[in-house]
Amino acid sequence: MNELKTAETRVAVVSILVSDRGVSDKVNALLSEYGEYILGRMGIPYKEKKVSVLSVVVDAPVEVTNALTGKLGRIENVSVKALFGKI
């Protein structure tokens, strides 16, 4: 991934909904894999709805952010969307 570090980057917020805590290890492993691009993250367990809500801010080339969201989206019981800033 480091070769893309010199490419133009965009700030994005990656929103993740996890409806089965059993897949949290997979989600966290992917976030660790892309850790060099992560500026910050916040997780909120919403027990009443049995869902965890994560918000991850990244500064990465668009291709890297898309790769991360694609991999996250292939995990069962995980929904993900990215919102790119104009910066």
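Filtering segment 25-56 to residues that are surrounded by 16 or more Cβ atoms within 10 Å (Cβ to Cβ) and under 9 Å from the mean Cα position of the chain (by Cα) leaves 27, 30, 31, 34, 38, 54, 56.
It is to be established whether one or more residues within segment 42-65 are among the aliphatic types (A, V, I, L, M), in a helix (DSSP H, G or I) and modelled with pLDDT of 95 or more. Yes; the residues of segment 42-65 include at least one that is among the aliphatic types (A, V, I, L, M), in a helix (DSSP H, G or I) and modelled with pLDDT of 95 or more. Residues in segment 46-87 that are aromatic (Phe, Trp, Tyr) and under 14 Å from residue 13 (Cα atoms): 84 only.
The values are calculated or read from the model by the stated rules, or taken from the named source; none is laboratory data. This one's a predicted model, so the numbers in the text were calculated from it and none came from an experiment. Virtual Cβ from ideal backbone geometry, glycine too; neighbours counted across all protein chains shown.
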